[in-house]
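Below is one structure, written out as structure tokens, with a few remarks after it.
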Amino acid sequence: MINLLFPKVCNACKSLLLKEEILICTTCRHSLSVINNLNFGEQLIKQLFFGKIVIENASVLLKFEKKGITQELLHNMKYRGKKDLSSFFGKWLGDELKEKPSYKDIDLVIPVPLDKKRLKKRGYNQVEGFGVEIAKALQVPYLDKILIKDIKTNSQVFKKRFNRFHTAGVFRIVQPKLLDHQHVLLVDDIITTGATIEKCAHQLFKSKQVKLSLATIAIA
Ligand SMILES: [Zn+2]
């Protein structure tokens, strides 16, 4: 009855889902640009950050293509309230990561945060489901209040105009001591230029002997 009233549709192409299909129809699932080899995904990410930040492990599920299915899915996840997709990707990657020895010493999962204003507007951080499911799979805590993003005030923007040195960025660690000697898995939905991850990493590395790994749903 519920299915008749609210038919479930594919999050990518909007066609009706069959009973056994979850969130994405079989056709779209087969057309997803899945990075099947986790090691290849790791190479892609490590290349991007080579010479910038030291990364222990890195993993990614999908290759992002403009106007492709991944873009549609991420867009729905981010702007149209499709939080289930985030958890779906988290379970998918979590299942793979828990089998990998190199992920055994991860201590906690931290998401790339949204600032308060955006969080209020969107109602959720689109990467939460992804991070929570990976944390569950690795049996470690998911901490989303330790790395935060401050809203840039007008005065800061104003100052920046007249100051050639960039400020330390808008990301901030609330209790840096908590991260001492921890192996952090930082999660995000998509890595494009890597600039956001880099800014977060610089904050994380302010704690003593932090090791950093990355997991993302897609890479551009
Ligand atoms: Zn579809």
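The values are calculated or read from the model by the stated rules, or taken from the named source; none is laboratory data. Predicted model only: the values in this text are computed from it and were never measured. Note that we place each Cβ from the backbone using ideal geometry, even for glycine, and neighbour counts take in every protein chain shown.
Numbers for the structure displayed
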{"quantity": "Checking Ser33 against (1) under 25 Å from Leu147 (Cα atoms); (2) of a type outside the set (A, V, I, L, M, F, W, C); (3) surrounded by fewer than 19 Cβ atoms within 10 Å (Cβ to Cβ); (4) touching a Gly at 6+ places or on another chain (Cβ under 7 Å), the condition it does not meet", "calculated": "(1)"}
{"quantity": "Residue list for the range 92-114, restricted to those being more than 19 Å from Ser33 (Cβ to Cβ) and within 15 Å of the chain's Cα centre (by Cα)", "calculated": "Gly94, Leu97, Leu108, Val109, Ile110, Pro111, Val112, Pro113, Leu114"}
{"quantity": "The range 4-49 - residue that is among the β-branched types (Val, Ile, Thr) and under 17 Å from Val60 (Cα atoms) and, of those, modelled with the highest pLDDT", "calculated": "Ile45"}
{"quantity": "Candidates Val60, Val54, filtered to the one that is closer than 28 Å to Lys199 by Cα, touching a residue at least 60 places away in the same chain (Cβ under 8 Å), more than 17 Å from the chain's Cα centre (by Cα) and more than 15 Å from the ligand (Cβ to nearest atom)", "calculated": "Val54"}
{"quantity": "Residues that are away from the ligand (no atom under 16 Å from the Cβ), assigned to a loop (DSSP other than H, G, I, E, B) and not small (Gly, Ala, Ser), drawn from the range 1-51", "calculated": "Met1, Phe6, Ile35, Asn36, Asn37, Phe50"}
